[in-house]
């Protein structure tokens with residue numbers, strides 16, 4: 001016969017489980033998101049290990065990759081998100097380090113030996129919203145890292161389309177609240193929060209198999225699976241770090257960039273405002289043309305091109321029309337072919353009915369002198385012989401823009417001087433901003 005005391009304990013345990021489940025069901029899932037991030041933001045000092053696991057099954061091949069980071073905060077708005085090298089790993093460190101001291105945020109990519117500095121207005125939230133965070137965990141890192149910062153969580157919470165609390169689960173012996181969220185873009189994720197104390201996030205499992213990109217990938221294989229999991233381990237909301245425990249200094253042997261996650265601004269053309277290099281070239285028919293003879297009467301329009309460059313060929317008829325429009329006012333137009341034989345160029349132009357004054361630079365010496373790195377390169381040389389306008393590529397708005405520039409040059413305007421002055425001002429401002437940010441580092 002069962003012991004009455006044992007039966008009583010079993011009954012109480014069952015009631016507690018039912019009670020806890022009912023409480024979990026009554027929690028507002030969106031409030032759980034906000035409370036989870038707020039608990040980290042309000043802590044004087046906190047730490048957690050952030051781990052990413054990606055598992056792919058493609059037919060008989062199984063790949064599993066893991067990456068780990070340590071997130072720490074300290075008084076004075078200091079924080080650090082740093083890659084943790086795998087146990088036993090040797091050689092240079094790879095991954096990210098993002099650290100802020102309340103005045104400046106440093107983001108470094110170890111393997112690339114590149115880093116950037118930003119004002120600390122949003123702190124870690126700025127990284128969470130960046131392409132760098134998206135690169136963690138198959139593009140979902142920003143969503144997961146939002147749980148570490150209240151400002152970033154506000155963005156995530158606002159994007160929730162559907163949410164529900166599913167009940168309670170146990171992971172590694174810890175009682176957790178299990179919720180599910182669908183956000184803008186259609187991603188659904190299961191999220192587990194600590195059920196006791198503050199609802200700190202413990203695990204996130206996005207349903208990546210439901211995304212169009214992964215579904216398209218799956219069509220290539222008979223057997224396919226793709227899993228992404230984010231774990232938040234060893235939470236310590238009272239870590240006790242002091243401000244001096246998190247120092248923000250530039251890494252050694254690393255290049256300071258304006259941005260790590262946006263394409264760099266195109267470099268200004270090296271000869272802008274400089275004397276256009278002289279050349280003596282011939283047409284496919286052998287007629288000699290000299291830039292020295294062409295200069296002085298008006299402007300010269302140069303297009304560096306090749307038969308293998310479709311954009312160059314598309315641009316040519318429109319450049320010919322510009323030449324016809326301004327020829328009486330002294331505009332010359334030369335289409336300088338780079339690296340091809342005269343006979344091939346002549347046959348190509350005849351086949352397509354193109355009639356520019358084509359010049360042959362088969363040795364590419366002139367292309368080198370003009371610092372041609374991409375085709376087409378379109379230049380406007382003023383009557384004084386200096387390069388006034390330089391443009392790589394050809395876009396729909398290019399003809400109209402070139403027409404206005406030709407008008408200005410023929411009227412005597414020095415477009416290059418204006419552009420060079422703007423570039424100089426922009427560079428001076430960039431260097432000044434760089435030094436301002438560097439002055440906020442810890443050393």
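The values are calculated or read from the model by the stated rules, or taken from the named source; none is laboratory data. None of these values were measured; they are calculated from a predicted model. All Cβ positions, glycine included, derive from the backbone under ideal geometry; neighbour counts span all protein chains shown.
For region 47-63, which residues satisfy the criterion of being in a strand (DSSP E or B) and out of contact with any strand residue (DSSP E or B) (no Cβ under 9 Å at 6 or more places or on another chain)?
61
So, in region 370-412, exactly how many residues are at pLDDT 95 or above, surrounded by fewer than 16 Cβ atoms within 10 Å (Cβ to Cβ) and farther than 19 Å from residue 318 by Cβ?
The qualifying residues number 1.
Evaluate region 383-399: report whether one residue or more is in a helix (DSSP H, G or I) and either under 19 Å from residue 271 (Cβ atoms) or without any contact (Cβ under 8 Å) to a residue 24 or more places away in the chain (or both).
No, region 383-399 has no match at all.
Regarding region 348-362, can at least one residue be identified that is closer than 24 Å to residue 276 by Cα, in the same structural domain as residue 290 (by TED's automatic domain parsing) and surrounded by fewer than 12 Cβ atoms within 10 Å (Cβ to Cβ)? Explain how you work it out, then say what you get.
Restricting attention to region 348-362, the residues satisfying the condition of being closer than 24 Å to residue 276 by Cα are 356-362.
Imposing the further condition that a residue be in the same structural domain as residue 290 (by TED's automatic domain parsing) reduces the set to 356-362.
This time we only want the ones that are surrounded by fewer than 12 Cβ atoms within 10 Å (Cβ to Cβ), so: none.
Within region 348-362, not a single residue is closer than 24 Å to residue 276 by Cα, in the same structural domain as residue 290 (by TED's automatic domain parsing) and surrounded by fewer than 12 Cβ atoms within 10 Å (Cβ to Cβ).
Scan region 231-246 for residues that are in a loop (DSSP other than H, G, I, E, B) and surrounded by 15 or more Cβ atoms within 10 Å (Cβ to Cβ) and jot them down. Break it down into steps so the answer makes sense when it comes.
First, pick out the residues of region 231-246 that are in a loop (DSSP other than H, G, I, E, B): 237, 239-242, 246.
Matches in region 231-246: 237, 239, 241, 246.
Which of the residues belonging to region 285-314 are within 17 Å of residue 367 (Cα to Cα) and surrounded by 13 or more Cβ atoms within 10 Å (Cβ to Cβ)?
Scanning region 285-314 gives 289, 291, 300, 301, 302, 303, 304, 305, 306, 307, 309, 312.
Mind telling me which of the residues 137, 141 ends up being at positive phi and either at pLDDT 95 or above or surrounded by 19 or more Cβ atoms within 10 Å (Cβ to Cβ) (or both)?
Answer to the selection: 137.
Just for region 324-347: of the residues that are under 24 Å from residue 293 (Cβ atoms) and without any contact (Cβ under 8 Å) to a residue 24 or more places away in the chain, which one is surrounded by the fewest Cβ atoms within 10 Å (Cβ to Cβ)?
328
Yes/no per residue for (1) more than 27 Å from the chain's Cα centre (by Cα); (2) under 27 Å from residue 105 (Cβ atoms):
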residue: 190; (1), (2): yes, no
residue: 194; (1), (2): yes, no
residue: 198; (1), (2): yes, yes
residue: 209; (1), (2): no, no
residue: 221; (1), (2): yes, no
residue: 229; (1), (2): no, no
residue: 243; (1), (2): yes, yes
residue: 246; (1), (2): no, yes
residue: 252; (1), (2): no, yes
